[in-house]
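Take a look at the structure below.
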Amino acid sequence: MLVLARKSNQSIMIGDDIEIRIVDIKGDQVKIGINAPKNIRVDRKEIYDLIKTANIESSKTPDLLKIKEIGDMFKKKQ
Amino acid sequence: MVDTKETVEINSQPFGKIQVSSDQKIIFDEGLYGFERYKVFYLLSMKDDEESPFLYLQNGEDVYPSFILINPYLFKQDYVLDVSPGELQKIGINTEEDAKENLLVFVIVTIPEDSSGMTANLLGPVLINKNLKSGIQALSLNEKYGTKHNIIEEMKNK
């Protein structure tokens, strides 16, 4: 991983359209401002990982018969 | 507008090779979390089981991945869609009117061996603009929502 030292209010450019700015540093917390094109997703990594893990788990769907069974159970509960 | 509806054959996880209509095609510009390289999905209803609460979101390029979707309001009537307006704008939902007319809200379901343990991911809802056929997996800003809400339990609470 590339490591760069920055001070408060200094920035890093990634390519020509993503800017990462150190907005504030207090104790062990850093406030970071991000300017990026709209089509670039920006997420806290722990949230990203959480949804990614859930998606991977959900991405192999069970067989149809089972889904039919569950669907029927659902209808009865409505 | 010219009707450009056509059918294509895709290889689906639930139904094998099937013919789907191009108007079932939904473009996810950003892909889904962890599956960013897949942008084309097909929204499939349950064959021969039209009343099923579930829908399939099938990758258009390959059998894997596919997801089971459900309308969250079917098991959690107090579900609140709380996402940043920017995410809605990405799929062309700019006004409340747009949302009312064109926004479909789904969550992804995980069904384990023991189906009573099936869960829904309320943290990353799947939003679709049914007019533009564009979709996004958004991030819920509601801190109470996680990735594993037990659906049966939620139904008891409703």
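Read-outs throughout are calculated quantities, based only on the coordinates presented, and are distinct from any laboratory measurement. Computed from a predicted model, the values in this text were never measured in an experiment. Here the Cβ positions follow ideal geometry from the backbone for every residue, glycine too, while neighbour counts run over all protein chains shown.
Annotation note: Cβ proximity below 6 Å between a residue of region B:92-119 that is more than 17 Å from A:Ile51 (Cα to Cα) and free of Cβ contacts under 8 Å to residues at least 24 places away in the same chain and a residue that is surrounded by 15 or more Cβ atoms within 10 Å (Cβ to Cβ) and of a type in the set (Val, Ile, Thr) (sequence gap 6+ or interchain) occurs for B:Ala99/B:Ile93; B:Ser115/A:Ile70.
Residue check: is B:Tyr56 part of a strand (DSSP E or B) and in contact with a helix residue (DSSP H, G or I) (Cβ under 6 Å, 6 or more places away or on another chain)? Answer is no for this residue. Just to be sure before I move on: is B:Tyr42 in contact with a helix residue (DSSP H, G or I) (Cβ under 8 Å, 6 or more places away or on another chain), free of Cβ contacts under 8 Å to residues at least 40 places away in the same chain and either at the interface with chain A (Cβ under 8 Å from one of its Cβ atoms) or not small (Gly, Ala, Ser) (or both) in the structure I sent? So B:Tyr42 fits the description; yes. In the set B:Ile108, B:Ile93, only one residue is part of a loop (DSSP other than H, G, I, E, B), in contact with a helix residue (DSSP H, G or I) (Cβ under 6 Å, 6 or more places away or on another chain) and crowded, with 19+ Cβ neighbours inside 10 Å; that residue is B:Ile93. Taken together, B:Tyr56, B:Tyr64 contain a single residue that is touching a residue at least 12 places away in the same chain (Cβ under 8 Å), closer than 20 Å to B:Val8 by Cβ and within 10 Å of the chain's Cα centre (by Cα), which is B:Tyr56. Annotation note: of B:Tyr79, B:Tyr73, B:Tyr38, B:Tyr42, the sole residue that is touching a strand residue (DSSP E or B) at 6+ places or on another chain (Cβ under 9 Å), hydroxyl-bearing (Ser, Thr, Tyr), over 15 Å from A:Pro62 (Cβ atoms) and part of a helix (DSSP H, G or I) is B:Tyr73.
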